[in-house]
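S.K.: Before I ask anything, let me first share the structure, which is written out below as structure tokens.
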Amino acid sequence: DVKVTQSSRYLVKRTGEKVFLECVQDMDHENMFWYRQDPGLGLRLIYFSYDVKMKEKGDIPEGYSVSREKKERFSLILESASTNQTSMYLCASTLSGGSEAFFGQGTRLTVV
Amino acid sequence: GENVEQHPSTLSVQEGDSAVIKCTYSDSASNYFPWYKQELGKGPQLIIDIRSNVGEKKDQRIAVTLNKTAKHFSLHITETQPEDSAVYFCAAILNQAGTALIFGKGTTLSVSS
């Protein structure tokens, strides 16, 4: 069974903390993505990666960075967490650009 | 870049009725258009997709239509059931290396029995 696994289901962090969200896929997919989901705003693309050590900015990259040192793992980093980064974060992977995206279960991050 | 508009944002139907969700996209080069269903507490899952060389695709009670000239595509669900209640997202992408799915804002479908 194909799987995308996000390291945490729920996280509570303090303002100013450095936060790491981890995502691992077991399908040998080339592409990995981080989306942010907020009510009424849908799924907004933060960053994506189409190869190891490669990254591309999405629509809302400000305040975030990413790391992809291994093909199966894609990390989202909040350098200094702020309350406006409280949200649901979804990781996804695809084999190629026009193929099915598989999503993780999401990480609900609360910044206090 | 690509921009996807989705309507309506909420949709309430009676069990057995049909439901239609519409999306428009901006980039005429986009050639892959998937639809995802997100149930409460879960990540989105693909339910049907269509490529630009096809005008319509059907899978049991769900169908998708694509009008490339008008740059819009629609999801049709017939004989709705309570388990169809969920959030539905449309998306668009140009199928080439280095591109990412861009999603609409979602439609919350409620099917009452």
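S.K.: Across peptide B:106-113, how many C-beta atoms of other chains are within 10 Å of each residue C-beta, on average?
M.R.: 1
S.K.: Using the per-residue mean of other Cβ atoms lying within 10 Å as a proxy for protection, in what order, highest first, do the peptides A:26-36, B:68-78 fall?
M.R.: A:26-36, B:68-78
S.K.: Here's another thing I want to ask about it. Obtain the nm distance between the two label points defined at residue B:69 and residue A:41 by a simple spin-label model: each point lies 7 Å from its Cα along the Cα-to-C-beta direction.
M.R.: Between residue B:69 and residue A:41, the label points sit 3.8 nm apart.
S.K.: Would you mind telling me the antiparallel percentage of the DSSP bridges in chain A, rounded to 5?
M.R.: 90
S.K.: How much length, in nm to one decimal, is gained on full extension between residue A:13 and residue A:52, taken as 0.36 nm per residue of separation minus their Cα-Cα distance?
M.R.: Once the chain is fully extended between residue A:13 and residue A:52, it gains 11.2 nm.
S.K.: Given axes a ≥ b ≥ c from the Cα gyration tensor, I'd like to know whether the protein assembly as shown is rounded (a/c under 1.5), prolate (a/b larger than b/c) or oblate. Let's see the in-between values first.
M.R.: Values: a/c = 1.92, a/b = 1.43, b/c = 1.34.
Prolate shape, in that a/c is at least 1.5 and a/b is the bigger ratio.
S.K.: Taking each residue of A:94-104 in turn, how many C-beta atoms of other protein chains fall within 10 Å of its C-beta, and what is the average?
M.R.: The mean count of partner-chain Cβ atoms within 10 Å per residue comes to 6.
S.K.: Extending each Cα 7 Å along its Cβ direction at residue A:60 and residue B:9, get the distance between those two points in nm, one decimal.
M.R.: Inter-label distance under the simple model: 1.4 nm.
S.K.: Report the B-A buried area as the accessible area lost on both sides summed, probe 1.4 Å, in Å² to the nearest 100.
M.R.: It comes to approximately 1600 Å² buried between B and A.
S.K.: Please go through the residue pairs A:18/B:105; B:37/B:68; A:55/B:58; A:53/B:68; B:22/B:58; B:22/B:42 and name each one whose alpha carbons sit more than 26 Å apart in this structure.
M.R.: Long pairs (Cα-Cα over 26 Å): A:18/B:105; A:55/B:58; A:53/B:68.
S.K.: Once phi is turned into ³J(HN,Hα) by the Karplus curve 6.51 cos²θ - 1.76 cosθ + 1.60 with θ = phi - 60°, what whole-Hz value does each residue of segment A:51-64 show in order, with x for glycine and proline?
M.R.: Coupling constants for segment A:51-64: 6, 4, 6, 9, 8, 9, 6, x, 7, 9, x, 4, x, 10 Hz.
S.K.: For the peptides A:51-63, B:36-48, what is the packing order when you average, over each peptide's residues, the other Cβ atoms within 10 Å and list the highest mean first?
M.R.: Result, highest mean Cβ count within 10 Å first: B:36-48, A:51-63.
S.K.: In peptide A:28-34, what is the residue-averaged number of other protein chain Cβ atoms found within 10 Å of each Cβ?
M.R.: 1
S.K.: Give the peptides A:97-110, A:74-87 in descending order of average Cβ contacts within 10 Å, highest first.
M.R.: A:97-110, A:74-87
S.K.: So, one more: What does the charge count around residue B:82 come to, taking other residues whose C-beta lies under 15 Å from its C-beta (Lys +1, Arg +1, Asp -1, Glu -1)? Write down the numbers at each step before the final one.
M.R.: Details: positive: B:37, B:61; negative: B:15, B:17, B:39, B:79, B:83, B:84.
Neighbour charge sum, excluding residue B:82 itself: -4.
S.K.: Apply the Karplus curve 6.51 cos²θ - 1.76 cosθ + 1.60, θ = phi - 60°, to the phi angles in segment A:17-34 and return the couplings in whole Hz, x for Gly and Pro.
M.R.: 6, 8, 10, 10, 10, 10, 9, 10, 10, 10, 10, 6, 6, 6, 9, 9, 9, 10
The values are calculated or read from the model by the stated rules, or taken from the named source; none is laboratory data. Quick caveat: nothing in here was measured; it's all calculated off a predicted structure. Please note: Cβ atoms are built from the backbone with ideal geometry, for glycine as well, and neighbour counts cover all protein chains shown. The accessibility values were calculated without ligands, DNA or RNA, using every heavy atom of the protein model including side chains. Shrake-Rupley method; radii C 1.70, N 1.55, O 1.52, S 1.80 Å.
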